[in-house]
Structures are given as structure tokens and as C-alpha cells.
């Protein structure tokens with residue numbers, strides 16, 4: 001039997017000064033990888049700023065920043081390439097860590113002819129089967145039972161793969177959260193649930209989402225361990241994810257991880273947080289910035305410096321500008337792609353509708369009728 | 001050749017698929033040890049084990065949500081929803097997720113889930129064990145919808161569904177689950193999807209329907225013949241993509257059509273069929289296309305036989321097209 005723990009304190013590895021907390025379980029990570037972890041988080045911060053700027057310039061329909069939550073994305077660090085991830089819409093770092101390129105990222109946002117999802121979804125809804133990263137869905141929580149299903153499939157197939165899924169604390173109010181957690185508990189599926197508790201579901205604060213003492217405590221009801229981790233402490237996030245992955249691979253079943261963090265900015269480009277929350281709240285967030293903490297830690301180990309950071313930012317900025325230009329210049333996907341991938345083979349009624357649209361697109365008479 | 005009813009035919013198809021496809025998994029409420037409340041999965045738990053014939057927790061959104069995750073991962077899940085009346089907790093997973101996975105991923109993630117679910121009234125089941133919600137799913141881009149009327153087609157169509165890569169809602173007419181019997185080969189065979197079947201040839205009126213309504217239409221056609229009216233009866237079998245070509249050919253011959261389904265009339269599938277036929281056959285039509293359907297009320301308990309289409313109502317519609 002698995003011991004059920006009701007979590008109280010946050011798991012931590014780094015204090016706010018970037019020093020190892022005494023007695024902490026520190027993840028084993030090579031120096032180059034530690035640097036890469038920070039580089040990914042720092043790049044996300046920069047990319048988010050540039051993306052929001054181009055959104056405000058009217059070039060993008062929509063964007064969602066993840067400022068303050070970059071450390072939670074790094075839950076994927078302990079995973080293997082053959083593990084599967086069902087992301088939510090605020091884990092940019094998870095994509096970049098797995099190898100999703102800035103080029104793919106920008107093409108998706110512009111829904112252009114090189115977008116791997118063929119312009120089928122609004123910005124931020126990526127999908128990459130070569131990385132085992134599954135399509136992002138706007139309705140929240142649908143990915144939870146799906147991730148469990150993938151994990152059940154892994155178990156049935158006798159592999160030692162694991163599935164990981166991300167969602168916000170607001171999503172824990174959805175039926176799919178309950179359903180997915182319950183299926184995982186009962187089937188002992190090798191799945192890891194990451195709740196990014198950033199305090200806000202658009203305009204609704206966390207105390208209006210639950211009366212429970214924590215989100216991690218919900219794990220008790222599903223017969224799995226619940227872990228509360230400091231979501232601004234990237235090494236702690238990686239450590240608890242590594243423990244959960246090890247548990248899952250050993251056949252011990254699922255783990256719920258609540259990463260306590262903070263949504264520093266709005267939900268998306270479409271809302272104004274000053275309408276619903278006290279501006280003093282994000283202003284007080286400063287010392288908890290996950291980037292500061294990790295960079296202090298790396299500097300303390302002589303693995304990072306302000307100069308290296310400047311070089312990184314220049315490189316990412318240049319790369320961003322390069323792929324932005326390419327993404328902007330590409331047109332929309334070919335009109336025929338509108339009808340592809342609805343089914344494996346196109347049935348007669350879609351062929352008929354495609355023929356009509358193509359005829360209308362090619363004629364000088366827009367009033368053509370099927 | 002053995003004689004089977006629809007449940008036995010479905011069971012036979014499932015057994016064949018489970019034996020030949022190691023990635024096939026059956027999941028749902030009571031599908032394991034008990035073999036399903038209608039016994040469609042009877043014996044499969046003992047034969048293929050609890051890992052592949054899974055008694056799930058009682059939650060339709062979980063059954064379909066996990067089936068989607070299995071399919072996206074490369075498995076071939078065959079979930080059962082115990083009654084199609086209970087499908088709605090999974091509606092979001094079906095219409096927003098399962099049906100759209102291939103499309104919204106740009107073709108990267110096919111989602112070959114085949115959902116089996118009993119459908120229709122006439123079993124004294126009241127509102128929550130009798131509905132026919134097919135139109136909601138036919139209206140969902142990305143889903144195939146299949147509804148057989150007899151054991152041979154049930155097995156052949158189900159095996160076809162299990163061999164292709166699109167999500168399917170496979171609806172089984174529960175009123176005739178046991179009543180409909182016929183010769184069914186023990187071995188594997190397929191009935192092509194998207195092809196209707198002319199079950200009775202005739203000259204004056206085309207009757208179009210599916211599932212439990214096919215035998216009602218046949219009964220009406222026999223009675224109509226006694227009063228000198230010749231009816232052609234078409235079993236649609238696949239509702240999406242539906243076989244418009246066969247319907248058009250028949251209506252071009254007869255000049256009259258009656259569409260029959262149990263589901264409520266307004267925005268029912270009959271409206272789509274009638275509209276499609278008007279677009280193509282208006283010039284040859286001798287009368288407006290008639291619809292015989294369930295009423296636009298919730299499905300009743302005590303008055304279910306008054307609610308459901310029957311042969312007399314179909315004959316009434318046939319006469320109307322002739323007397324117009």
C-alpha cells in the first residue's frame with residue numbers, strides 16, 4: 001500500500017538567495033544541464049515579452065504570458081524522450097526544453113503555411129507528435145483523463161514510459177479533473193499531474209476555487225500522494241517531478257504535484273488584471289521570481305554571469321527577430337487544407353464542399369453557388 | 001452458417017478484433033466480469049483478461065477521455081457507453097476532443113476510438129433509456145456515425161469501423177438486439193462504410209431509414225403492397241458519411257420519398273436527408289418528402305408506443321405522397 005500524505009509545507013531546494021536549503025533533497029543534474037534549465041526559463045521570459053509586444057502592435061490575435069511560472073515548466077526535465085506530455089496553455093518552457101524550435105513556435109502563432117498544425121488553432125495551441133507533446137485544447141481539463149488514458153495504454157503495453165499533464169488550479173474545479181484523478185488512482189496509471197497553482201483563474205482567486213486546505217490535499221481522495229512544492233524553486237520542481245516519475249516507472253502509480261507559484265501578469269492579452277486585483281499583489285512578487293533565485297544559485301557555482309546572460313538575450317532576441325520576420329512573411333495555409341484531416345480519407349460531402357470553395361476562390365464571380 | 005442476434009454478432013466482431021489486434025482494448029461500465037448489461041462483451045474478460053477488458057469507474061467522461069488518450073498513444077480502444085442517454089457527460093470529450101484531434105493537430109494525432117452504444121426506444125425504458133441522439137453527432141465534423149439494423153450488418157460494419165483510423169460512434173438498436181436474428185458467418189468479414197442497402201425494391205415511393213426503423217419500413221411496404229402501392233426500402237446503415245448516391249438514384253426512379261427515424265422531428269437527421277434530396281431531385285419529385293419521426297417531446301414512458309413511428313404512420317405518409 002502507498003502511504004497517503006496530507007501535505008502542509010512546501011518542498012524546497014533553493015532559498016530566495018539561491019542557497020541550498022539545509023536538509024533538502026537536491027536533484028542530481030549535470031552542470032551543463034543546470035545552465036540549460038536556466039537558459040530555457042530566461043528565454044521564455046524574453047520570448048513572452050516580445051510576443052506580447054507584437055500582440056499589442058496588432059500582429060497577433062492573442063497571446064498568453066507565463067511570467068513568474070517559468071520554473072513550473074521545468075517539471076518535464078526528469079522525463080525521457082519517449083514519455084508523453086499533455087500540456088495546458090502556459091508551459092512554453094516545456095515545449096522549448098523538449099526541442100520545439102522558436103521557428104515552430106512563431107509559425108504556430110501566425111497560423112501560417114509552415115505551422116505544423118496547419119493554421120487550425122488560435123495562438124498558443126501547439127502540437128508536436130515528434131516530441132510526444134499532445135495538442136493543447138482550450139476547454140480546460142480535457143487533457144487530464146486523456147493523459148491518464150495514455151498512461152493506462154503504457155501500462156497495458158508493458159512499457160516503463162510515463163505521462164505528465166499540466167493544468168491550473170482553476171481547472172481542479174472541472175469534472176474532468178475528478179474523473180481523471182479517479183481513473184488514475186484506481187488503475188495505478190503511470191501519470192504525473194502538475195497543478196500550476198498561480199493563484200488566479202482569469203479574474204477569480206484561488207479561494208473561490210476550493211475550500212480545501214491545498215490543491216495537493218485533493219490527492220488523498222484518489223488514493224495517491226499529493227506533493228506541494230515551491231513552484232518558484234526550479235530545482236525543487238525538478239526534484240519532486242523526478243520522484244514522481246520514478247514512482248510511476250516502478251509501477252507505484254500516479255502523483256499529484258501542486259506547484260505553488262504566481263501569475264504575475266494577466267491571464268492573456270485579452271484581460272486587464274488591474275480591474276480585478278490589487279496592483280500591490282504582483283508588485284510584492286519580486287523576491288519570489290524563479291529566475292532570480294536560479295541565476296543566484298548558478299552564479300554562486302560560477303556557472304553564470306551577467307555577461308553570459310547578456311549574450312544569451314542577444315542570441316535569443318536575434319533568433320526571435322529572424323523567425324518573426326519569416327513567420328510574418330509567410331501566407332496562410334493553402335485553401336485546400338481547410339478540408340484535410342477532418343477524416344483519414346475525404347468523404348463525398350467534404351469533396352463537394354471543397355470543390356465549391358475552390359471554384360469560388362478561383363472565379364471572378366464571388367456569387368458562384370454549389 | 002450460424003444464426004445470431006445483434007448482440008451475438010457484435011460479440012463475435014469484438015472477439016475477432018481482440019484476438020487479432022493486441023492493441024485493442026475494451027473499456028466501460030460492467031463490460032468486464034459481467035459482460036455488459038446487454039451481454040455484448042460476454043466472455044471477453046475471461047478470454048482476454050482484465051487489462052484489455054476493463055471495468056472502469058462509473059464516469060462516461062472518464063471512459064471516453066481515457067479512450068482518447070489510449071488512441072492518441074497508438075492503442076485501439078473500443079469503449080462502451082451503457083445507454084446512449086448516458087453519453088452526455090462525455091459530450092465535450094467526444095465533440096471537442098475525439099472528433100477534432102486529427103484536425104486540430106494538423107494530422108499529427110489520429111484518434112481511432114470506436115464508441116459502441118445502444119440506442120432507441122420501445123423497451124419500456126423511459127426517457128433515460130430510450131433516446132436517439134444521433135443527429136447531435138452527425139452534426140459534429142470529424143465523427144463517423146454507424147447504425148446497423150440486423151446481425152449481419154452489425155458484425156460487418158463494426159469490423160469495418162475497427163479497421164479504419166477515424167473516430168466512430170457505433171450505435172446499436174437495442175429494441176431489436178435479440179429480436180433481429182439472421183445468418184452470420186463465424187469468421188471475419190466487412191460491410192463497407194458509407195454504403196446504404198436496398199432491402200426491398202419498389203417503384204412508387206422510396207422509404208429511407210436505419211436501425212430499428214428498417215423493419216417498421218419493411219412492414220409498411222408489405223402492407224402497402226396489399227393495397228397496390230410499390231415501395232422501395234433503403235437501410236442507410238452509415239449515417240455519416242451517408243450514401244446520398246443510392247438515395248438519389250432511388251428517388252429519381254420513384255419520384256417520392258418518406259424518411260423515418262425515432263428521434264424528434266425538428267432538426268432530426270431526416271431534415272438533412274430531405275434537404276439533400278430536394279437539392280438533387282426537385283425536378284422529379286411528385287410530392288413533398290414526408291418525414292415520420294418521434295415527436296418533439298422528451299421520450300415518454302407510458303406512451304412510448306404512441307411516440308414511436310410505426311408501420312401505420314409510415315403507410316399514412318406513403319399515401320400522402322401519392323395523394324398529393
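I need the peptides A:117-125, A:253-261, A:198-206 ranked by packing, meaning the mean over residues of other C-beta atoms within 10 angstrom, with the highest value on top.
In descending order of packing, they fall as A:253-261, A:117-125, A:198-206.
If you project the alpha carbons of segment B:44-150 onto their three principal axes, what span does each projection cover, largest first, in Å?
Dimensions of segment B:44-150 along the principal axes of its Cα atoms: 44, 38, 28 Å.
Taking every pair of Cα atoms in the protein assembly as shown, average 1/r, invert it to obtain the Kirkwood radius, and report Rg/Rh to two decimals.
Radius of gyration over Kirkwood radius for the protein assembly as shown works out to 1.04.
Once every DSSP H run of n ≥ 4 in chain A is given -39500 (n - 2.57) and the sum is divided by its residues, what mean residue ellipticity at 222 nm do you get, rounded to the nearest 500 deg cm²/dmol?
After summing the helix terms and dividing by the residues of chain A, the value is -12000 deg cm²/dmol.
Count the DSSP beta bridges whose two residues both fall in segment B:197-323, then state the antiparallel fraction as a percent rounded to the nearest 5. The partial results should precede the final answer.
Values: 3 of 15 bridges.
Looking only at bridges with both residues in segment B:197-323, the antiparallel portion is about 20 percent.
Shielding by partners for B:74-81, please: the mean number of other protein chain Cβ atoms within 10 Å of each residue's Cβ.
2
Remind me, relative contact order of chain A in percent, using alpha carbon pairs under 8 angstrom and six or more residues apart?
Taking the mean separation of contacting Cα pairs over the length of chain A, I get 23 percent.
For B:176, B:123, what's the fewest-to-most ordering of other Cβ within 10 Å of each Cβ?
The most exposed by this proxy come first: B:123, B:176.
Take the alpha-carbon positions of segment B:231-277, form their convex hull, and give its projected area averaged over all directions (one quarter of the hull surface) in nm². Kindly include the intermediate steps, with their values, before the conclusion.
Values: hull surface 13.4 nm².
So the mean shadow area of the Cα hull is 3.4 nm².
Relative to the longest principal axis of the C-alpha atoms of chain B, give the angle of the C-alpha long axis of helix B:269-281, reported between 0 and 90° and rounded to the nearest 10°.
Long axis of B:269-281 versus the principal axis of chain B: about 50 degrees.
Determine how many Å³ per residue the convex hull of the Cα atoms of segment B:197-323 encloses.
Spelled out: Cα convex hull of segment B:197-323, divided by residues, is 97 Å³.
Using the scaling law 2.2 N^0.38 Å as the reference, what is the normalised Cα Rg of segment B:1-79?
1.06
Let me know the mean shielding of B:132-143 by other chains, meaning the per-residue number of their Cβ atoms within 10 Å of its Cβ.
1
Using the Kirkwood radius over Cα pairs, work out the Stokes-Einstein diffusion coefficient for chain A at 37 °C and 0.692 mPa s, in µm²/s as a whole number.
150 µm²/s
Which residues does a label at residue B:163 reach in segment B:228-271, if reach means a backbone N under 18 Å from a point 7 Å past the Cα toward the Cβ?
Correct set: B:238, B:241.
Could you sort B:84-96, B:286-298 so that the peptide with the highest average Cβ count within 10 Å comes first and the rest follow in order? Please list the in-between numbers first.
Values: B:84-96: 20.7, B:286-298: 17.7.
Packing order, densest peptide first, comes out as B:84-96, B:286-298.
Residue by residue through B:55-65, how many Cβ atoms from other chains fall within 10 Å of the Cβ on average?
Details: counts 1, 5, 6, 1, 8, 1, 11, 14, 4, 4, 14.
Going residue by residue through B:55-65 and averaging, the value is 6.
Taking the Cα atoms of segment B:3-183, what is the range of coordinates along each of the three principal axes, in descending order and whole Å?
That gives 44, 35, 30 Å along the principal axes, largest extent first.
To the nearest 10 degrees, how steeply does helix B:311-323 sit against the main Cα axis of chain B, on a 0 to 90 scale?
Helix B:311-323 sits at roughly 40 degrees to that axis.
For A:100, B:301, B:103, which order do you get if you count the other beta carbons within 10 Å of each Cβ and list the fewest first? List each step's numbers first, then the result.
Details: A:100 19, B:301 15, B:103 23.
Least to most surrounded, the residues fall as B:301, A:100, B:103.
Once both labels are modelled 7 Å past Cα along the beta-carbon direction, what's the residue A:19-residue A:336 spacing in nm?
Between residue A:19 and residue A:336, the simple spin-label model gives 6.6 nm.
Rounded to the nearest 0.05, what FRET efficiency do residue B:1 and residue A:157 give with R0 = 45 Å and r taken as the Cβ-Cβ distance? Could you check?
That gives a FRET efficiency of 0.75.
For segment A:232-370, I need the span (max minus min coordinate) of the C-alpha atoms along each principal axis, in Å, sorted largest to smallest.
69, 44, 37 Å, listed from the longest principal axis down.
Packing-wise, with mean Cβ within 10 Å as the measure, how do A:271-282, B:151-162 rank, highest first?
Details: A:271-282: 12.2, B:151-162: 24.5.
Averaged packing, sorted descending, gives the order B:151-162, A:271-282.
Counting DSSP beta bridges in segment B:81-233, what percent are antiparallel, to the nearest 5?
Taking every DSSP beta bridge with both residues in segment B:81-233, the antiparallel ones total about 10 percent.
Subtracting the Cα-Cα distance from 0.36 nm times the residue separation, let me have the gained length for residue A:246 to residue A:325 in nm, one decimal.
Full extension of this stretch gives 24.2 nm more.
Please compute the Kirkwood hydrodynamic radius of chain B from all pairs of different C-alpha atoms, in Å with one decimal.
Computed over chain B, the radius equals 20.0 Å.
Which of B:197, B:144, A:364 has the fewest other C-beta atoms within 10 Å, and how do the rest follow up to the most?
Details: B:197 17, B:144 25, A:364 5.
If I rank by nearby Cβ atoms, fewest first, I get A:364, B:197, B:144.
Kirkwood Rh over alpha-carbon pairs of segment A:29-135, then Stokes-Einstein at 25 °C and 0.890 mPa s: what D in µm² s⁻¹, rounded to an integer?
173 µm²/s
For segment B:3-183, calculate the relative contact order in percent as a whole number, restricting contacts to Cα pairs under 8 Å that are 6 or more residues apart.
Values: 366 pairs, mean separation 47.6, N = 181.
It rounds to 26 percent for segment B:3-183.
Between residue A:203 and residue A:285, take the C-beta separation as r, use R0 = 22 Å, and let me know the FRET efficiency to the nearest 0.05.
That pair, residue A:203 with residue A:285, gives E of 0.80.
Kindly work out what percent of the DSSP beta bridges joining two residues of segment B:3-183 are antiparallel, to the nearest 5.
Of all bridge pairs located within segment B:3-183, approximately 15 percent are antiparallel.
Compute the angle between helix A:31-56 and the longest alpha-carbon principal axis of chain A, please, reported from 0 to 90 degrees and rounded to the nearest 10.
Relative to chain A, helix A:31-56 is tipped by roughly 50 degrees.
Grab the Cα-Cα distance for residue B:230 and residue B:296, subtract it from 0.36 nm times how many residues apart they are, and report the gain in nm with one decimal.
Result for the pair: 20.8 nm of gain on full extension.
What 222 nm value per residue comes from the helices of chain B, counting each DSSP H run with n ≥ 4 as -39,500 (n - 2.57) and dividing by all residues, nearest 500 deg cm²/dmol?
Only helices count here, giving -10000 deg cm²/dmol.
Quick one, what does Rg over Rh come out to for segment A:223-284 if you take C-alpha atoms and the Kirkwood Rh?
1.17
What percent does the relative contact order of chain B come to when contacts are Cα pairs within less than 8 Å and at least six residues apart?
Contact order relative to length: 16 percent.
Quickly work out the residue A:346-to-residue A:360 label distance, labels modelled 7 Å from Cα along the C-beta direction, and quote it in nm with one decimal.
So the label points at residue A:360 and residue A:346 sit 1.5 nm apart.
Computed from the coordinates by the stated procedures, all read-outs in this text should not be read as laboratory data. On a predicted model such as this, the values are computed, not experimentally measured, just so you know. Because the Cβ atoms are built from the backbone with ideal geometry, glycine has one as well, and the counts that use them run over all protein chains shown.
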